[in-house]
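Engineer: Please see the structure below; I have some questions.
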Ligand SMILES: NC(=O)c1ccc[n+]([C@@H]2O[C@H](COP(=O)([O-])OP(=O)(O)OC[C@H]3O[C@@H](n4cnc5c(N)ncnc54)[C@H](O)[C@@H]3O)[C@@H](O)[C@H]2O)c1
């Protein structure tokens, strides 16, 4: 039987279906986990933290389990998916979201930093995908969404070369996996967030700095984690049933602006 052509269960129905979210204890991953819990999915969060950073409600905790996993450790990843397999017959959605960043210049970056960023941002999505394939196949139609970054399509302002390279790598992994796994009815896509207001950014920047950053976003707002979750939800849904190997930029127009402060562009035009 070819899963591409046979009758499949409706992908939009997520009730009691298993969804795995890496890095779901905070920020974008937590918003993604909440998105799927709100649709009655059974959510497994793999994170190095052993508690959710926000006060999450009782209903959320009934449907979401946090499996403490250091995604730098291939054995820990295998063990996490073994545990998930004990609890469900298939995985409907895998969201590879966990990510870290470097800040060094290339000239001074320690090799250990480069490797740590690659391990979490690129090798872990590969290993999670590999470990999940039997359970993704068992769902008959399923979806993998990799949270990359617009940095993977240009460069990172705040992160270093490892961050940029890892996110470009995630986009390559997305395309290649989309091709190989299409025969199993597994779609693989990516979301590329632009500047997103996560708790980490809120605590590490001042209101004035955040206001200034908005100057370079044509749609004049920071992106919210919930807006990224909506794009992930679209890629998990039947509505995107013929999309695979693609990436959706959720960036308020940041990528097309090439960093040009928005108002300056119009001032210059007015003077010409
Ligand atoms: N916030 C932004 O502006 C932005 C922009 C573009 C892309 N992204 C991407 O979105 C994703 C989520 O970012 P965020 O802003 O929510 O960050 P965050 O720091 O709030 O969340 C990242 C999560 O990953 C987990 N994590 C980190 N290292 C881990 C490890 N070794 N093992 C398991 N879990 C680990 C953290 O504990 C955390 O819960 C990342 O891949 C990031 O690169 C974020």
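Engineer: Checking the structure you have, find out if any residue of the stretch 91-105 is loosely packed, with under 14 Cβ neighbours inside 10 Å, free of Cβ contacts under 8 Å to residues at least 24 places away in the same chain and either within 15 Å of the ligand (Cβ to nearest atom) or assigned to a loop (DSSP other than H, G, I, E, B) (or both).
Structural biologist: The answer is no, given that none of the residues of the stretch 91-105 is loosely packed, with under 14 Cβ neighbours inside 10 Å, free of Cβ contacts under 8 Å to residues at least 24 places away in the same chain and either within 15 Å of the ligand (Cβ to nearest atom) or assigned to a loop (DSSP other than H, G, I, E, B) (or both).
Engineer: Moving on to the next point. Output the residues belonging to the stretch 39-55 that are surrounded by fewer than 17 Cβ atoms within 10 Å (Cβ to Cβ) and touching a helix residue (DSSP H, G or I) at 6+ places or on another chain (Cβ under 9 Å).
Structural biologist: The answer is 40, 53, 54.
Engineer: Within the stretch 181-199, how many residues turn out to be more than 14 Å from the ligand (Cβ to nearest atom) and touching a helix residue (DSSP H, G or I) at 6+ places or on another chain (Cβ under 6 Å)?
Structural biologist: Count: 4.
Engineer: I'd like the residue in the stretch 223-249 that is more than 21 Å from residue 20 (Cβ to Cβ) and within 12 Å of the ligand (Cβ to nearest atom) and, out of all such residues, is surrounded by the fewest Cβ atoms within 10 Å (Cβ to Cβ).
Structural biologist: Going through the qualifying residues, I end up with 224.
Engineer: Please go through the stretch 34-76 and give me each residue that is more than 10 Å from the ligand (Cβ to nearest atom), closer than 21 Å to residue 119 by Cβ and part of a helix (DSSP H, G or I), ordered by number.
Structural biologist: Hits for the stretch 34-76 are 74, 75.
Engineer: Can you tell me which residue within the stretch 120-174, out of those that are assigned to a loop (DSSP other than H, G, I, E, B) and away from the ligand (no atom under 13 Å from the Cβ), is farthest from residue 23 (Cα to Cα)?
Structural biologist: Once the filter is applied, the top-ranked residue is 140.
Engineer: Let me ask something else about it. Suppose the filter is over 18 Å from residue 154 (Cβ atoms) and either surrounded by 13 or more Cβ atoms within 10 Å (Cβ to Cβ) or free of Cβ contacts under 8 Å to residues at least 12 places away in the same chain (or both); does residue 218 pass it?
Structural biologist: No.
Engineer: Condition test on residue 178, is it under 25 Å from residue 124 (Cα atoms) and either assigned to a helix (DSSP H, G or I) or in contact with a helix residue (DSSP H, G or I) (Cβ under 6 Å, 6 or more places away or on another chain) (or both)?
Structural biologist: For residue 178, the condition - under 25 Å from residue 124 (Cα atoms) and either assigned to a helix (DSSP H, G or I) or in contact with a helix residue (DSSP H, G or I) (Cβ under 6 Å, 6 or more places away or on another chain) (or both) - is met.
Engineer: Still on this structure: Can you pull out every residue in the stretch 34-45 that is within 13 Å of residue 17 (Cα to Cα) and in contact with a strand residue (DSSP E or B) (Cβ under 7 Å, 6 or more places away or on another chain)?
Structural biologist: Result: 36, 37, 41, 42, 43, 44.
Bear in mind that the values in this text are calculations on the coordinates, not laboratory data. Because the structure is predicted, anything quoted here is derived from the model rather than measured. All Cβ positions, glycine included, derive from the backbone under ideal geometry; neighbour counts span all protein chains shown.
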